[in-house]
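Visitor: Sharing a structure with you now.
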Amino acid sequence: GEQVEQRPPHLSVREGDSAVITCTYTDPNSYYFFWYKQEPGASLQLLMKVFSSTEINEGQGFTVLLNKKDKRLSLNLTAAHPGDSAAYFCAVRYNAGAKLTFGGGTRLTVRP
Amino acid sequence: EAAVTQSPRNKVTVTGGNVTLSCRQTNSHNYMYWYRQDTGHGLRLIHYSYGAGNLQIGDVPDGYKATRTTQEDFFLLLELASPSQTSLYFCASSDRTGISNERLFFGHGTKLSVL
């Protein structure tokens, strides 16, 4: 089945710096990609979803890049602030009927 | 915003104990899921369902049963709890009628400790 490896497991940056989290997946037919954010003590919330037809998606303060050739998905926080401190999870699946496979998560700490 | 409510929020039991975790969603989503979250493993799917009476096996089903009694209610059962099942459990629901509206709505989690 699909396997998703997420790196790094822990990331600490200073306020204003960029932070990059990367997921690599194994199934070349993967088509749907998601990023979820989990703030301390809270549940997971959808940050962004990316479909295979689009390779770059931008949100408020972050960019998601999809490299289908290398089977790599990345989340780039362009100017991190303390409110971005949270755990981030990527999730992947390859068609409308399949299960989501989550990465192991990245715990991001943004220092003032 | 879709609401997913889990109960209890915390549960402590002993090895061999019988535990039921409950989940209710109020947005008539067709899919419901049970995940466990462990450090280094992210979220792993235990069981899921696409409607009342339906049950699908996830990636880590051993030691767990589940039952979807209604569109709203999904239960996870541990009939002989073991310490390896100590974990944070999340229930989630989703509307899979179209990719444009697909997302998981998570409950706040149940922290289970098996002594």
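Visitor: At 10 °C and 1.306 mPa s, what whole-number value in µm²/s does Stokes-Einstein give for the translational diffusion of chain A, with Rh from the Kirkwood sum over Cα pairs?
Guide: 113 µm²/s
Visitor: Further question on the same structure: Averaged over A:35-41, how many beta carbons belonging to a partner chain fall within 10 Å of each residue's beta carbon?
Guide: That average works out to 2.
Visitor: Can you run phi through the Karplus equation (6.51, -1.76, 1.60; θ = phi - 60°) for the stretch B:76-84 and list ³J(HN,Hα) in whole Hz, with x for Gly and Pro?
Guide: Rounded to whole hertz, the list is 10, 10, 10, 7, 9, 4, 10, x, 5.
Visitor: To continue, here is another question. Please report the relative contact order for chain B, taking Cα pairs under 8 Å with a sequence separation of at least 6, and give it as a percent rounded to a whole number.
Guide: Normalised by residue count, the contact order of chain B is 35 percent.
Visitor: Additional query: Hey, can you grab everything whose amide H is under 5 Å from the amide H of residue B:103? Only 5+ residues off in sequence or another chain; H modelled, so Pro and N-termini drop out.
Guide: The list, which skips near neighbours in sequence, is B:95.
Visitor: Let me ask something additional. Can you give the translational diffusion coefficient of chain B in µm²/s, computed by Stokes-Einstein from the Kirkwood radius over Cα pairs at 25 °C and 0.890 mPa s?
Guide: Diffusion coefficient, whole number: 175 µm²/s.
Visitor: For q values of 0.08, 0.09, 0.12, 0.18 Å⁻¹, compute log₁₀ I(q)/I(0) with the Debye formula on a Cα-only model of the protein assembly as shown, without solvent.
Guide: -0.29, -0.37, -0.65, -1.35
Visitor: Something else: So, in Å, what gap is there between the alpha-carbon centers of the stretch B:1-64 and the stretch A:17-50?
Guide: If you average the Cα positions of each part, the centres end up 21 Å apart.
Visitor: Evaluate the relative contact order of chain A (contact order divided by residue number), counting alpha-carbon pairs under 8 angstrom at least 6 apart; express in whole percent.
Guide: Contact order relative to length: 38 percent.
Throughout, read-outs are computed from the coordinates displayed, never taken from laboratory work. Worth saying up front: this structure is predicted, and the values here are computed from it rather than measured. Ideal geometry is used to build each Cβ from the backbone, glycine not excepted, and the neighbour counts take in all protein chains shown.
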